[in-house]
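The values are calculated or read from the model by the stated rules, or taken from the named source; none is laboratory data. In this text, all values refer to a predicted model and were calculated from it rather than measured experimentally. Neighbour counts run over all protein chains shown; Cβ positions are idealised from the backbone, glycine included.
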Amino acid sequence: MKKTSVFFIFISFLAVGWFVNSSGLHWLTELYAQEKKIEAKSETKPAVKPETKPKAKPASSVQAPVAVEPLTGVGHPRIIVPEEYGNVVLDRYSSAKNFKPVVFPHWWHRSQYTCKVCHLDLGFKMQAGADDIKMVDIFQGKSCGTCHNGKIAFAPAGPKGANCQRCHSYGIKVPQNRDAKGYLSTLPRSPFGNKVDWVKALDEGKIAPKANLDGTGKMIVLPVNVIRPLPNPILPDVVYPHKPHTQVLACQLCHTAIFQMKAMATPMTMLDIFKGKFCGVCHGKVAFPVENCLRCHSKK
Ligand code: HEC
Ligand code: HEC
Ligand code: HEC
Ligand code: HEC
Ligand code: HEC
Ligand code: HEC
């Protein structure tokens, strides 16, 4: 990255900090405090007893323990390590049956398939813990087993059950799995999330995710930008670009479940986004996080 842009980002963080403290934008600090409280609670809470409530255990999108980097800006109080950003931990049943919870790595799968393949064609929900997945389904070629069948990807069992731990890997290091850090470092860099600029990676052909299971399909790419002017011109207006989104996502995933198909028809605020709505359905979970203010607030 150019020195000037590093400087610009640094200055913008200072500006944002000043602005949060001195302006009426107390919600940012409030939200921060709230998240800290929730986190502290969930860390001290004893594990849910499997006999009493096996189904109630929520999946989470972070993998603990995570390294805590010094807080450099507003946004998430805890910065997840880049190799784990976007990982989804699935544990409706696993630990209740004395298996390690499942870690689903987006960083790897998104390099192989567009989001559309899993979230539209296969119907996985874009919400951690929303799908009810059982081993029988996987062995019958459904859910993860659509690919993890020994043909497209490794089979559920493998010799002497060696593959079980490739998925049931929460908290352990699995030698057969890829070195995330090494792999991600081969892709174009970006300061947040996986520290990968996934848009560049695709545009430069470093990754070529398939648009359908057999790789014969094509995405419908729409080159339309939507500008969302801010109520107060404190930051640049938001530019929502369809192109990078439609290279990996299908229209139906956003329209009209999340957004109306008309500029300015969907009322949304930054607080909604921080809470995981609208742009926050993906940004902060799998796509680059909300800390990257100027990548969205980019109107020149
Ligand atoms: C190989 C399949 C696959 C691909 C490809 C994939 N996902 Fe997912 N995604 C999943 C699964 C499985 C889950 C977990 C669903 C559950 O827990 O019920 C998930 C969950 C999510 C969530 C919720 C995460 C959370 O923390 O709540 C988001 C957001 C998401 N995906 C976005 C994306 C985006 C954006 C892309 C493309 C860049 C993508 N996914 C590509 C399978 C996939
Ligand atoms: C659309 C196809 C597809 C689906 C659906 C899918 N995977 Fe995969 N997955 C792959 C492919 C391809 C690989 C690479 C295979 C290999 O290494 O042999 C892979 C690799 C993996 C790896 C190893 C990653 C590494 O570090 O090397 C894990 C873990 C994994 N998948 C878990 C899951 C889980 C859990 C699900 C369901 C929630 C799932 N996958 C659904 C295609 C898929
Ligand atoms: C491709 C990834 C993958 C592989 C490989 C895999 N699992 Fe699973 N397994 C899952 C997912 C996803 C779930 C659902 C996780 C949850 O919500 O707890 C699951 C759930 C389970 C459960 C609890 C639910 C149930 O169906 O009883 C058990 C037990 C289990 N797996 C055992 C195994 C064993 C044993 C192996 C090896 C023979 C294995 N798994 C291999 C992905 C995998
Ligand atoms: C990642 C989410 C996302 C995807 C995927 C997506 N859109 Fe949109 N679209 C938006 C947003 C956000 C807006 C602006 C809505 C607003 O301002 O209320 C929008 C607006 C539009 C508009 C109105 C533009 C205008 O100037 O009034 C059209 C038309 C549209 N989308 C078509 C599509 C089509 C066709 C596809 C698939 C090829 C698609 N969109 C895929 C998020 C998405
Ligand atoms: C993923 C894209 C995205 C990122 C990243 C992002 N914003 Fe926003 N922001 C939006 C959208 C969309 C709106 C709503 C614009 C509108 O009013 O139509 C918005 C609105 C705002 C507003 C207007 C007032 C309000 O509360 O809605 C402020 C101030 C703001 N953002 C600050 C920030 C700051 C500070 C950051 C970095 C910490 C940030 N944004 C990061 C998309 C983003
Ligand atoms: C359904 C998931 C999803 C939603 C909703 C979504 N995005 Fe994204 N967005 C992505 C993915 C995936 C990328 C690719 C980059 C990445 O993963 O970090 C991306 C990339 C971007 C980029 C980078 C473009 C570039 O050329 O580098 C911008 C800007 C952006 N999104 C803004 C927004 C704004 C603003 C909204 C809300 C109005 C929004 N996005 C809603 C998934 C989503």
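Name the single residue that is nearest to Val248 (Cα to Cα) among those in segment 268-300 being among the basic types (Lys, Arg) and assigned to a loop (DSSP other than H, G, I, E, B).
Lys285
Every residue, every condition in (1) acidic (Asp, Glu); (2) in contact with a helix residue (DSSP H, G or I) (Cβ under 6 Å, 6 or more places away or on another chain); (3) touching a residue at least 12 places away in the same chain (Cβ under 8 Å), yes or no:
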position	(1), (2), (3)
Tyr240	no, no, yes
Leu249	no, yes, yes
His255	no, no, no
Phe259	no, no, yes
Ala265	no, no, no
Ile273	no, yes, yes
Phe278	no, yes, yes
Ala287	no, no, yes
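Those residues that are under 19 Å from Tyr85 (Cα atoms) and in a helix (DSSP H, G or I), I need them from segment 113-152; list them, please.
Cys115, Cys118, His119
Taking the criterion of being within 16 Å of ligand 2 (Cβ to nearest atom), in contact with a strand residue (DSSP E or B) (Cβ under 8 Å, 6 or more places away or on another chain) and in contact (Cβ under 8 Å) with a residue 12 or more places away in the chain, would at least one residue in segment 193-208 satisfy it?
Yes: one or more hits.
Out of (1) part of a helix (DSSP H, G or I); (2) charged (D, E, K, R); (3) over 30 Å from Asn98 (Cα atoms), the odd one out for Lys160 is which?
Of everything listed in (1) part of a helix (DSSP H, G or I); (2) charged (D, E, K, R); (3) over 30 Å from Asn98 (Cα atoms), Lys160 misses just condition (3).
What residue, of Ala201, Ala153, Ala211, is at pLDDT 95 or above, within 16 Å of ligand 3 (Cβ to nearest atom) and under 28 Å from His245 (Cβ atoms)?
Step by step, each of Ala201, Ala153, Ala211 is checked, and only Ala153 is at pLDDT 95 or above, within 16 Å of ligand 3 (Cβ to nearest atom) and under 28 Å from His245 (Cβ atoms).
Report the residue count in segment 93-114 for those that are closer than 20 Å to Trp198 by Cβ and among the polar types (S, T, N, Q).
3
Which of (1) more than 16 Å from ligand 5 (Cβ to nearest atom); (2) touching a residue at least 60 places away in the same chain (Cβ under 8 Å); (3) surrounded by 16 or more Cβ atoms within 10 Å (Cβ to Cβ) is the odd one out, the single condition Leu213 does not satisfy?
The failed condition is (3).
Pairs only if they're at least six apart or on different chains, beta carbon under 8 angstrom, first in segment 153-173 and under 20 Å from Asp91 (Cα atoms), second among the charged types (D, E, K, R) and in a loop (DSSP other than H, G, I, E, B); list them, first residue then second.
Hits for this filter: Gln165/Lys100; His168/Lys100; Ser169/Lys100; Tyr170/Asp91; Tyr170/Lys100; Gly171/Lys100; Ile172/Lys100.
For segment 102-136, which positions are over 21 Å from Cys254 (Cα atoms), more than 10 Å from ligand 2 (Cβ to nearest atom) and not basic (Lys, Arg)?
Asp132, Met135, Val136, listed by residue number.
Kindly list the number of the only condition in (1) modelled with pLDDT of 95 or more; (2) in contact with a Phe, Trp or Tyr (Cβ under 7 Å, 6 or more places away or on another chain) that fails for Gly73.
Going through the list (1) modelled with pLDDT of 95 or more; (2) in contact with a Phe, Trp or Tyr (Cβ under 7 Å, 6 or more places away or on another chain), Gly73 breaks only (1).
Could you look through segment 163-208, keep only residues that are polar (S, T, N, Q) and part of a loop (DSSP other than H, G, I, E, B), and pick out the one that is nearest to ligand 5 (Cβ to nearest atom)?
If we take residues in segment 163-208 being polar (S, T, N, Q) and part of a loop (DSSP other than H, G, I, E, B), then Ser190 is nearest to ligand 5 (Cβ to nearest atom).
Within segment 96-112, which residues are free of Cβ contacts under 8 Å to residues at least 60 places away in the same chain and in a helix (DSSP H, G or I)?
Ala96, Lys97, His109
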